[in-house]
1. Mind listing just one residue for me: the one in segment 217-253 that is more than 22 Å from Gly78 (Cα to Cα) and buried (at least 17 other Cβ atoms within 10 Å of the Cβ) and, of those, nearest to the chain's Cα centre (by Cα)?
2. Can you find, within segment 112-143, the residue that is surrounded by the most Cβ atoms within 10 Å (Cβ to Cβ) among those that are touching an Asp or Glu at 6+ places or on another chain (Cβ under 6 Å) and part of a loop (DSSP other than H, G, I, E, B)?
3. Does any residue of segment 15-28 turn out to be assigned to a helix (DSSP H, G or I), in contact (Cβ under 8 Å) with a residue 40 or more places away in the chain, over 18 Å from the mean Cα position of the chain (by Cα) and closer than 26 Å to Gly139 by Cα?
4. Among the residues of segment 144-155, which ones are closer than 14 Å to Gly66 by Cβ and in a helix (DSSP H, G or I)?
5. Filter segment 33-65 for residues that are outside any helix (DSSP H, G or I) and among the hydrophobic types (A, V, I, L, M, F, W, C); which is nearest to Ala204 (Cα to Cα)?
6. Go over the candidates Ile18, Ile45, Ile31 one by one and state the one that is within 25 Å of Ser84 (Cα to Cα) and buried (at least 22 other Cβ atoms within 10 Å of the Cβ).
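Read the figures in this text as sums done on the coordinates, not as results from a lab. The structure displayed is predicted, hence computed values, not measured ones. All Cβ positions, even for glycine, are placed from backbone atoms using ideal geometry, and neighbour counts span all protein chains on display.
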Amino acid sequence: MTSFKNILTSIKDQIQTITINRPEKMNALNILTLDEIKTAIQQAINDETVRGIIITGSGEKAFVAGADISEIANVEEGQAKKLSENGQHIFSLIENCPKPVVAAVNGFALGGGCELAMACHIRVASDNAKFGLPEVTLGIIPGYGGTQRMTALIGKGKSLELMMTADMISAAEAKEIGLVNHVTIQPELIDRAEEILKKIAQRAPLAIAGVIKSANSFSNNTQGYATEAASFGECCKTEDFKEGTKAFLEKRKAEFKGK
């Protein structure tokens, strides 16, 4: 199996577990980490012994606390659009994986982390998990499919509220609004995810793949993703984006001017 720098992989009982492993950065997603996730998912798809996949984060504090802001703070519009499209492509690979993918969300799932969880077919959260899309506090928008998937999962009204207020919600509220399938205590999180995948593994694999493909076709609006990537790029040329990312890195409140 491929050796990775920012993720860990293991296979047990026909389940491949992918663990994002950047605890010093709260498992934030940088370009390398995204590429490694892509490679690991492709390997799982091609491995006939794998019947299901778990994606989780190392430690108990964070699933993925967001994108690595230091990496995107100085990108230009064209680069930002490509960055968004690359993340969309990788998360679409997860969403369209013919094998079931369960997000085991431990701790913070914010920004890109929430988008990653939503790209998975099923979400199981520990009771200390927190979800949110706080991108507007940086002067940008969710760029890895979040505007599309959150709307599909919980409806337009609630998704707009969460994206525009940048509010964080608890695991209990996430389950109540349909963002999360199950909530459990931290020590039982992976066991619960494995339990679901073992049940699915008893069913016909090609039928499972057909269910995933058919369900995804219900909300597969490619124009929506293109609009998101273009809007993400446009935001990254604004003064508000420069102020938002600078304020984040300087750990202060941003002062937006609408420019």
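1. First, pick out the residues of segment 217-253 that are more than 22 Å from Gly78 (Cα to Cα): 217-221, 247-253.
Subsequent filtering for residues that are buried (at least 17 other Cβ atoms within 10 Å of the Cβ) retains 247-248.
Numbers: Ala247: 24, Phe248: 20 Å.
Here the residue is Phe248.
2. Pro142
3. no
4. Gly146
5. In this case the residue turns out to be Val50.
6. Just one listed residue meets the conditions, Ile18.
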